[in-house]
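Input: a single structure, listed below in structure tokens.
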Amino acid sequence: MSLTRAERTIIVSMWSKISTQTDAIGTETLERLFSCYPQAKTYFPHFDLHTGSAQLRAHGSKVVAAVGDAVKSIDNVASALSKLSELHAYVLRVDPVNFKFLSHCLLVTLASHFPADFTADAHAAWDKFLSIVSSVLTEKYR
Amino acid sequence: MRNKRPRSEAAARTCFWPIRLTSKLPDTMVHFTTEEKAAVASLWAKVNVEVVGSESLARLLIVYPWTQRLFDSFGNLYSESAIMGNPKVKAHGRKVLNSFGNATKHMDDLKGTFTDLSELHCDKLHVDPENFRLLGNMILIVLATHFSKEFTPQIQAAWQKLTNAVANALAHKYH
């Protein structure tokens, strides 16, 4: 699965808006994840996950920044996320199903923040892009 | 969910707690709290079934094009604008979301409510239940574009639970 030129254009252009709000979007995505999929909390026993927590904000920001790294190297996501891929495979070992949950919550957050930009075509492009990111992050699992 | 039941039957008999609550609930029941039901009802009251229904189904067919295999008779599905404007997609989207409206009124017995539809989707329509989960997620994303900040994480959680439960109810009679 690879992105068409049109899909890349959509993602890069929407990223320019997202990058001005990475903290808010990251925090909200994680709040949605932990509200809708409480099983995801099992990976964060060491975190304070309450609304407003500094750890939540910092981690959300980190996650969205990584998505940004993938956008900046959209022609070679595997190389941009190579270290993160190893981290997830050998250290974090987050079950792959959680990438689907996180991707879905990021899409909902984008839809809620950018309703006019999040057309069906944009939605399709982002869904495809996030599934590429997810598969890069899990490709070294076994 | 906090479990307030006494840990042993002996404790149950000696304490204030009514005995019947120590027996297991039927395992088919998904339990929605009062808050979750309120979150669902308050948003549902503002939903334009025609618009949200047709857009949700259209997004399913656009974002996951392989789902078009279920709609050979729908005519032109060759582009995003064709799908969005397709009258059969609109009609069917409205029908599906009306069915969801029925779900919001029977949240305590979704499996019973969807028995007939479940049999239909298995025996006559041959729909992979994974599609119900995908469509549920499309509904949520469309709600997010329509309600924006109002579609908070808590409201999404209640609706997520409902769409998951409806998907399970529709898959329940599969064999």
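Return the residue satisfying two criteria in turn: it lies in the stretch A:107-124 and is within 9 Å of chain B (Cβ to nearest Cβ), open to solvent by less than 10 Å² (accessible area, probe 1.4 Å) and in a helix (DSSP H, G or I), and of such residues it is nearest to B:F151 (Cα to Cα). Among residues in the stretch A:107-124 that are within 9 Å of chain B (Cβ to nearest Cβ), open to solvent by less than 10 Å² (accessible area, probe 1.4 Å) and in a helix (DSSP H, G or I), the one nearest to B:F151 (Cα to Cα) is A:S112.
For the criterion of being of a type in the set (A, V, I, L, M, F, W, C), farther than 30 Å from B:E55 by Cα and touching a helix residue (DSSP H, G or I) at 6+ places or on another chain (Cβ under 6 Å), A:L102 fails. Whenever a residue of the stretch A:114-142 is among the aromatic types (F, W, Y), its partners that are surrounded by fewer than 16 Cβ atoms within 10 Å (Cβ to Cβ), lying with C-beta atoms within less than 9 angstrom and at least six residues away or across chains, give the pairs A:F114/A:K17; A:Y141/A:R93; A:Y141/A:P96. Inside the stretch B:72-114, residues that are more than 14 Å from B:G53 (Cβ to Cβ), away from chain A (no Cβ under 14 Å) and outside any loop (DSSP other than H, G, I, E, B) make up a count of 8. Candidates in the stretch B:136-175 are the residues that are outside any helix (DSSP H, G or I) and surrounded by fewer than 22 Cβ atoms within 10 Å (Cβ to Cβ); of these, the one that is nearest to the chain's Cα centre (by Cα) is B:H172. Among residues belonging to the stretch A:1-14 that are in a helix (DSSP H, G or I) and closer than 20 Å to A:K100 by Cα, point out the one that is most open to solvent (accessible area, probe 1.4 Å). Among those that are in a helix (DSSP H, G or I) and closer than 20 Å to A:K100 by Cα, it is A:E7. Set side by side, the residues A:L81, A:L33, A:L87 differ, and just one is within 13 Å of chain B (Cβ to nearest Cβ) and within 16 Å of the chain's Cα centre (by Cα), which is A:L33. Within the stretch B:133-149, residues that are in contact (Cβ under 8 Å) with a residue 60 or more places away in the chain sit with their Cβ atoms under 8 Å from residues that are acidic (D, E) and open to solvent by 30 Å² or more (accessible area, probe 1.4 Å), at 6+ positions apart or across chains, in these pairs: B:V142/B:E55. Assess whether B:L120 counts as being part of a helix (DSSP H, G or I) and surrounded by 16 or more Cβ atoms within 10 Å (Cβ to Cβ). Judged against the criteria, B:L120 is not a match.
In the stretch B:49-61 there is at least one residue matching the filter, namely being in contact (Cβ under 8 Å) with a residue 40 or more places away in the chain, among the basic types (K, R) and open to solvent by less than 70 Å² (accessible area, probe 1.4 Å).
The values are calculated or read from the model by the stated rules, or taken from the named source; none is laboratory data. Predicted model, so just to flag it, every value in this text is computed and none were measured. Note that each Cβ is placed from the backbone with ideal geometry, even for glycine, and that neighbours are counted across all protein chains shown. Quick note on the areas: whole protein, heavy atoms, side chains included, nothing else; ligands and nucleic acids left out. Shrake-Rupley method; radii C 1.70, N 1.55, O 1.52, S 1.80 Å.
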